[in-house]
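Notes follow the structure.
Every number in this text was worked out from the coordinates using simple rules, so none of it is lab data. In this text, all values refer to a predicted model and were calculated from it rather than measured experimentally. Counting neighbours? That spans all protein chains shown, and the Cβs are built from the backbone with ideal geometry, glycine included.
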Amino acid sequence: MTTPATRSRENTRVRLLDAAAQLFAEVGLDGASVEAVCDRAGFTRGAFYSNFDSKDELFLMLAGSVAEQRINAVRRRVDEIAADGGLSEGCDPVELVQQIMDSAEEDRLDVMLMSEIRIRALRDAQFGAAYLAQEREMVSSIATIISDIVSVSSLELKVPAYDAARMLMLIWEGMTVRGAMAGQDSDKLRHSGSEELGRLVQLLLAE
């Protein structure tokens, strides 16, 4: 049972995360100091440090939230396609990938946030280890979705689902980063990424 104290703590964390996301959009990762996040959220430093050990933990959690939103959006879309019979025998895998990923929640700000966090991970080994652990969880979630699709369709993978998930994630990240560099809007980011994923899926599926 959720207590009032627990709900209050959760609300405080959400407000701090929202404030951090807003500040990141305005000034980037380095400019979003603990003090600035607290001011924006309307809390003291004490409230911050009762919820997070550091700014690194805050932004790692923010990255995790972005990843979770992406996974949930994909899972919802897969469920919709399955309910409509789109995973039946004879389905076009390339078209299926595009249908799934075109509904993904992706925008330029998310791409920028994840890119800056990866730079932070490159500079700090401890932060990098935490980021990679979080990434492995995301890959496992994608692998589960892939396994679920394969189990109810006629599709067959040449490689383990986890390996396929990792390759798909890396291609998606690479294409969205380059799309953001080219100034693409959210729709174009999703479309360009899904096209490349479709090509990769063709290579990953057994004949």
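Structure values in brief
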quantity: Over region 70-179, volume per residue of the alpha carbon convex hull, in Å³; calculated: 102
quantity: Order of Thr12, Thr44 - criterion: other Cβ atoms within 10 Å of each residue's Cβ, fewest first; calculated: Thr44, Thr12
quantity: Equivalent ellipsoid semi-axes, region 82-143, via Cα gyration tensor eigenvalues times 5, rooted, Å; calculated: 33, 15, 8
quantity: For region 33-123, alpha-carbon Rg over 2.2 N^0.38 Å; calculated: 1.53
quantity: Kyte-Doolittle mean at least 0.0 and Cα axial length at least 20 Å: DSSP H helices in the chain; calculated: 108-123, 125-151, 161-181
quantity: Counting all C-alpha pairs of region 1-159, share separated by more than 30 Å (%); calculated: 31
quantity: Dimensions (Å) - region 1-50, Cα atoms, principal axes, largest first; calculated: 39, 19, 14
quantity: Fewest-first ranking of Val27, Val74, using other Cβ atoms within 10 Å as the exposure measure; calculated: Val27, Val74
